[in-house]
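Before any comments, here is the structure.
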Amino acid sequence: MNVVDHVRDMAAAGLHSNVRIVSSLLLTMSNNNPELFSPAQKYQLLVYHADAIFHDKEYRNAACKYSMALQQKKVLSKTSKVRTTSFTISFSLPSEIEVKYKIAECYTILKLDKDAIAVLDGIPSRQRTPKINMMLANLYRKAGQERSAVTSYKEVLRQCPLALDAIIGLLSLSVKGAEVASMTMDVIQSIPNLDWLSVWIKAYAFIHAGDNQRSWEGGCSIYPTSTQSPG
């Protein structure tokens, strides 16, 4: 194991304060001696350093460090075409997509929603994970970009049909309950005792349509004994 492997293991163990100190020292050494670490190793150190800063809730600083990591990843992409190191073969590097998600998360916490959207929009659609689409959907809805929000929520449901918060998001954007229910029908029919979910969706659809009486009736049909007194 080399020193970067030890930093990786400390990060995996949740020793964030230790990672922050060691990675900072190693990055300073690397700046003074560019040959000390390979581009892949420096990229990994930058990500672990940024993760430790994120854990300390220094979100602006963390976003900056994550951005530096992405710049280093560009260098890595160029050099990897010329030289492949044993390090890159032995270990998978931190995901560039995950780094972008972390940057967007920092921006969201800092209430820089436009910047967060810009970062996530830069990720090709086919590479977006459910949590990226969920964050995008919420950001789009907050920004009033309802059509884009609906598209992103639907993509979440396509991959995770029991993502109930995404279902609520769609219903809040006036998507018909029947359409939303159709996106979950396969999983409802394939799992025993999940038929209540259709009623749950219908109840929330009534809520967002302003029909509270019918939503209450729908809730009672899910839990028919909930309003009965103990006797």
For this session: Check region 37-54 and report whether any residue there is out of contact with any Cys (no Cβ under 9 Å at 6 or more places or on another chain), surrounded by fewer than 17 Cβ atoms within 10 Å (Cβ to Cβ) and outside any helix (DSSP H, G or I).
Result: no
Seminar exercise, completed: Lys73 meets each of (1) within 25 Å of Thr28 (Cβ to Cβ); (2) modelled with pLDDT under 95; (3) not in a helix (DSSP H, G or I) with one exception, condition (3)
For this session: Restricting attention to helices (runs of 4 or more DSSP H) lying wholly within region 135-197, give those where 2 or more residues are open to solvent by 60 Å² or more (accessible area, probe 1.4 Å) and either under 27 Å from Tyr107 (Cα atoms) or touching a strand residue (DSSP E or B) at 6+ places or on another chain (Cβ under 6 Å) (or both).
Result: 146-159
Seminar exercise, completed: Residue pairs qualifying under the 6 Å Cβ cut-off, at least six apart or on distinct chains, with the first in region 51-76 being under 13 Å from Arg20 (Cα atoms) and touching a residue at least 40 places away in the same chain (Cβ under 8 Å) and the second being assigned to a helix (DSSP H, G or I) and aromatic (Phe, Trp, Tyr), are Ala62/Phe54
Problem set entry | Positions within region 116-129 being part of a helix (DSSP H, G or I) and surrounded by fewer than 16 Cβ atoms within 10 Å (Cβ to Cβ), in sequence order | Ala118, Asp121, Ser125, Arg126, Gln127
For this session: Tell me, yes or no, whether region 24-33 has at least one residue that is among the small types (Gly, Ala, Ser) and within 16 Å of Cys106 (Cβ to Cβ).
Result: no
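The values are calculated or read from the model by the stated rules, or taken from the named source; none is laboratory data. Note that the structure is a prediction, hence the values are computed from the model and not measured. No Cβ is skipped: glycine too gets one built from the backbone with ideal geometry, and neighbour counts run over all protein chains shown. Surface accessibility is based on the protein's heavy atoms, side chains included, excluding ligands, DNA and RNA. Shrake-Rupley method; radii C 1.70, N 1.55, O 1.52, S 1.80 Å.
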